[in-house]
1. List, please: which pairs have Cβ atoms under 6 Å, are six or more places apart or on different chains, and start with a residue in the stretch 409-428 that is not assigned by TED's automatic domain parsing to the domain that holds residue 100 and end with one that is in a helix (DSSP H, G or I) and modelled with pLDDT of 85 or more?
2. Just one of 129, 82, 133, 90 is more than 21 Å from residue 43 (Cβ to Cβ) and either touching a residue at least 12 places away in the same chain (Cβ under 8 Å) or exposed (fewer than 14 other Cβ atoms within 10 Å of the Cβ) (or both); which is it?
3. Surrounded by 11 or more Cβ atoms within 10 Å (Cβ to Cβ), touching a strand residue (DSSP E or B) at 6+ places or on another chain (Cβ under 9 Å) and under 24 Å from residue 368 (Cα atoms): is that true of residue 397 in this structure?
4. Tell me which of these residue 284 doesn't satisfy, since it passes every other one: (1) more than 18 Å from residue 38 (Cβ to Cβ); (2) in the same structural domain as residue 139 (by TED's automatic domain parsing); (3) surrounded by fewer than 18 Cβ atoms within 10 Å (Cβ to Cβ).
5. Just to be sure, is residue 202 in contact (Cβ under 8 Å) with a residue 40 or more places away in the chain, in contact with a helix residue (DSSP H, G or I) (Cβ under 7 Å, 6 or more places away or on another chain) and closer than 26 Å to residue 243 by Cβ?
6. Does the stretch 349-362 contain any residue that is under 19 Å from residue 417 (Cα atoms), surrounded by fewer than 14 Cβ atoms within 10 Å (Cβ to Cβ), assigned by TED's automatic domain parsing to the domain that holds residue 405 and free of Cβ contacts under 8 Å to residues at least 12 places away in the same chain?
7. Could you say which residue among 327, 268, 274 is in contact (Cβ under 8 Å) with a residue 24 or more places away in the chain, closer than 30 Å to residue 173 by Cα, in a helix (DSSP H, G or I) and touching a helix residue (DSSP H, G or I) at 6+ places or on another chain (Cβ under 9 Å)?
8. For the stretch 465-489, how many residues are surrounded by 13 or more Cβ atoms within 10 Å (Cβ to Cβ) and modelled with pLDDT under 70?
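The values are calculated or read from the model by the stated rules, or taken from the named source; none is laboratory data. The model shown is predicted, which means the values in this text are computed figures rather than measured ones. We place every Cβ from the backbone using ideal geometry, glycine too, and count neighbours over all the protein chains shown.
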């Protein structure tokens, strides 16, 4: 059996398109004996860290990538199916430089190229190819798109341009066999191109769900995405049911006549070496306005607040302050406290309403003396170690509330003070709750709301509720489900739906 590594894989972070949960995907790779597996979600790197950690924990090499959207003309022009449509290109980070370039491409795709999809263009791509391996893409790839129109000479030119950008060792002609006639024809054309472009083939499967039987769940997901009904003959759908995690044996069978395309997947994987360090904090630099060191400035601010809140220098309070300042200094978090103090100090100086500081930080006398919090921890016998513990090094967590109406002012100040490249906003992913999953799937199945409500009202509310457990725990719920004969089979669909 030839070696094989899956290099074109979508997870739940290919939002409302991919139906793979990352832990299950990695487990499938381990059970099938893979030494590596890639993640190439549509247009984003959202799942990369979860995937990296899960793969490392499982003992296999994570290959971090992205299926990028490439605008035919310019990412700065609106998407147009005729004049400026987009193609797909599979990009994989080989090393740290490649990972940084993927980050740059993905960020600019959202910040500057987003129109229906986060897009880049060839001009931008040409500036950020170092450390990246390129696969020519699926049927919507730039080479395949030309082959589909029988523009063979232009397809050769497109492949040659990509090879020139990424280098001969790092560009591969991507071939798939998912049971579609047009795809088989494209693969035949790709095979013919090998000698003319002098580029190797690589076999992929464009994984969108884990098992063959999950195809129906992914199909429902597409309907939710497009607002369609399952029985609509004109809706957009995948033209195959084979976009699942095929085993190495299955891929060897499918590509038995192209063993080099299988072997080259391992060649690509062997080129990859991307490692991350976790637990090392890289805080922005804080420059005290008086030219002193951050530690000296920190102590002066603490002493000033201490004199105000604890007049007479009581012994118990003094010991507590000295202890906290020592711990904060030794744990390397002086800059963190100074930055937090600075943001709050600025807000108050320009009249932006700011909250009193929430969470375990209320147990810190330093936070109280810096007026980050407004509660005396001694008076209420609050414990500092719940906030910072020398035996458990982790970043301090101080929740601060700024007036939402002047939020942008705070963001602007922070960027100007500490640098655009050191400030970002954190994404939040919503999840489809159990009841919502039932309603959405019932809608795409065109089941009357009145009927599905009988089931929905029996499902518990709240976070963490799983439909499988809800149906397993409630006999009446099972009976309701089983008596809805036209729903009985299809109610398995929402159990497979990923969060979005």
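1. 413/346; 423/414; 423/415
2. Criteria check complete, one pass: 82.
3. No.
4. For residue 284, the exception is condition (2).
5. In short, yes.
6. yes
7. 268
8. The total comes to 4.
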